[in-house]
Amino acid sequence: MNRNNFLPHVALALVLILVAAFAGQIRRWQTQWRHHVRIMPAADKRHEPINSLEAAPYETHVFSAPEVLVKFKTGVTEDAISTITQRLHDRVDDEIESVPGLDAIDDLDDANAESVAAEYRALPQVEYAEAVFEISADDAPVTPRDPRFAEQWALFNDGSRGGIKGADISAMHAWHVTTGSDNVVVAVLDSGVDYTHSDLASNIWVRPANVNPYEDKELGTIQDVQGYNAVENNADPMDDNGHGTHCAGIIGAEGGNDIGIAGVNWKVQIMPLKFMNAGGYGTTKDAVEAINYVIDRKKAGVNVRVISASWGSTQKSRALEDVIRKAYEADILFVAASGNATTNNDRTPHYPSSYNVPNVVSVAALDRNDQLASFSNYGVKSVAIAAPGVDILSTWLGDEYEEKSGTSMATPVVAGVAALIVAENPKISVDELRKKLLASVDPLASLKGKIVTGGRINAAKAVGAN
């Protein structure tokens with residue numbers, strides 16, 4: 001073939017190749033166009049996968065999770081349902097086969113789920129419609145946002161610093177049920193409380209406007225705004241020692257406020273009572289005066305349900321015993337430290353924890369390994385329960401935080417759990433409250449034959465979380 005005859009054949013071949021390629025592209029465009037605009041049969045539409053290869057490249061919206069559950073009345077066909085959902089710019093995400101007519105529907109406009117449900121409820125073809133809502137596990141732990149919570153092993157022991165994982169009071173599970181209530185008042189009978197501390201201020205009791213100031217026959221009227229100072233017989237229970245502030249934080253440092261720590265109760269009312277001086281010493285007379293104040297406030301309508309007493313002596317006071325009994329008659333629990341002398345309280349009583357009064361709960365201290373603390377008193381007949389009491393981080397003077405050890409720290413843990421129980425059971429009697437506390441323990445081999453319950457307080461059990 002000469003050159004002149006060859007060139008036309010090459011040109012023709014190139015043209016044919018281009019035409020074929022162009023025709024193939026046209027067919028692909030036609031196919032894509034049909035896929036894009038076709039009206040699918042109702043059955044196909046209802047079972048269309050959310051991320052189908054067919055739809056995904058062309059849909060301009062992003063499918064969200066189904067927002068409503070709609071039960072169509074018997075007799076409403078799939079075609080009719082498809083028409084309704086298309087008209088409302090919705091899509092059927094799934095049919096619930098076991099309940100005929102029940103569909104999970106996604107609103108493509110991402111409108112408020114309850115509004116969408118109301119729109120369907122108004123239709124004559126619909127039996128009922130409800131917004132989809134989130135469900136959490138019943139035993140889901142609750143973690144506060146407080147930055148130093150990880151250091152509070154008593155509430156959540158992760159095994160760090162030589163501890164045993166789980167050797168704690170199960171606070172995070174208890175908080176799934178309740179984090180406390182600002183309708184519950186716990187009196188901290190101690191060296192007072194720094195009521196200005198940023199982690200305590202919002203949980204400090206303030207005398208309600210409908211409760212009259214405290215009246216004392218000898219002292220006259222005391223304008224008790226935030227508790228009572230029995231040392232100086234006035235209305236200022238400011239702590240100048242630190243001990244009372246530390247105990248108060250264990251009971252009720254505000255939880256979830258992005259500050260410091262969390263108390264056993266995130267919300268509670270701490271009533272500061274000062275009967276010990278800056279050196280940490282007080283008298284039975286001042287202790288009696290302070291408890292008398294609490295009883296008076298209870299009679300005046302203040303819902304004080306627990307007194308936390310982290311102190312004691314081997315000397316017995318009939319007057320102190322009598323006023324604690326009066327607190328029992330006023331339906332007030334009295335939680336007391338068992339003492340730090342490593343002695344058996346059955347043989348050598350420690351007061352007030354050893355008073356044989358029905359509202360007294362004596363508390364021993366545990367370390368982070370669920371062992372009885374080396375300093376803790378005990379007594380299989382006289383010490384009721386145990387709680388964490390070694391290296392306990394809590395609030396301190398000057399807006400600070402410190403770790404302290406003692407049955408003094410274990411006592412407010414139990415008082416705090418008592419407050420959680422009251423928050424969940426507001427009308428519970430003092431007898432029922434004490435019984436519930438003592439029944440809410442995790443038995444420990446280390447406590448067998450050492451204390452009455454043989455166990456560590458479990459806040460989750462106490463409020464019925466497990």
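Results, tabulated for the structure shown:
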| quantity | calculated |
| --- | --- |
| Residue identified as of a type in the set (Ser, Thr, Tyr) and within 29 Å of VAL211 (Cβ to Cβ) among SER310, SER353 | SER310 |
| Residue that is farthest from the chain's Cα centre (by Cα) [pool: residues in the range 247-306 that are under 22 Å from VAL430 (Cβ atoms) and of a type in the set (Lys, Arg)] | LYS299 |
| Counted residues, the range 157-180 - those being crowded, with 21+ Cβ neighbours inside 10 Å and not aliphatic (A, V, I, L, M) | 8 |
| Matching option when the condition is within 18 Å of ILE261 (Cα to Cα), touching a strand residue (DSSP E or B) at 6+ places or on another chain (Cβ under 6 Å) and not polar (S, T, N, Q), among VAL417, VAL422, VAL441 | VAL417 |
| Complete set of residues in the range 263-288 that are in contact (Cβ under 8 Å) with a residue 60 or more places away in the chain and among the charged types (D, E, K, R) | LYS267, LYS274 |
| Test for SER353: is it crowded, with 24+ Cβ neighbours inside 10 Å and part of a loop (DSSP other than H, G, I, E, B) | yes |
| Single residue of LEU189, LEU155 found to be closer than 28 Å to GLY280 by Cα and either out of contact with any helix residue (DSSP H, G or I) (no Cβ under 6 Å at 6 or more places or on another chain) or in a strand (DSSP E or B) (or both) | LEU189 |
| Matching option when the condition is assigned to a strand (DSSP E or B) and either within 10 Å of VAL68 (Cβ to Cβ) or under 39 Å from the mean Cα position of the chain (by Cα) (or both), among GLU114, GLU127, GLU119 | GLU127 |
| Search result, residues across the range 61-81 that are at pLDDT 85 or above, in contact with a strand residue (DSSP E or B) (Cβ under 7 Å, 6 or more places away or on another chain) and either surrounded by fewer than 15 Cβ atoms within 10 Å (Cβ to Cβ) or not hydrophobic (A, V, I, L, M, F, W, C) (or both) | LYS71, LYS73 |
| Selection within the range 313-334 - closer than 18 Å to THR411 by Cβ, in contact with a helix residue (DSSP H, G or I) (Cβ under 9 Å, 6 or more places away or on another chain) and not aliphatic (A, V, I, L, M) | SER313, TYR328, PHE334 |
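Per-residue answers, yes or no, for (1) surrounded by fewer than 22 Cβ atoms within 10 Å (Cβ to Cβ); (2) outside the structural domain of THR245 (by TED's automatic domain parsing); (3) of a type in the set (S, T, N, Q):
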| site | (1), (2), (3) |
| --- | --- |
| GLY398 | yes, no, no |
| THR407 | no, no, yes |
| THR411 | no, no, yes |
| LEU420 | no, no, no |
| SER429 | yes, no, yes |
| LEU433 | no, no, no |
| ALA439 | yes, no, no |
| ASP442 | yes, no, no |
| ALA445 | yes, no, no |
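The values are calculated or read from the model by the stated rules, or taken from the named source; none is laboratory data. No experiment lies behind these values; they were computed from the predicted model shown. Using ideal geometry, Cβ is built from the backbone for each residue, glycine included, and neighbour counts are taken over all protein chains shown.
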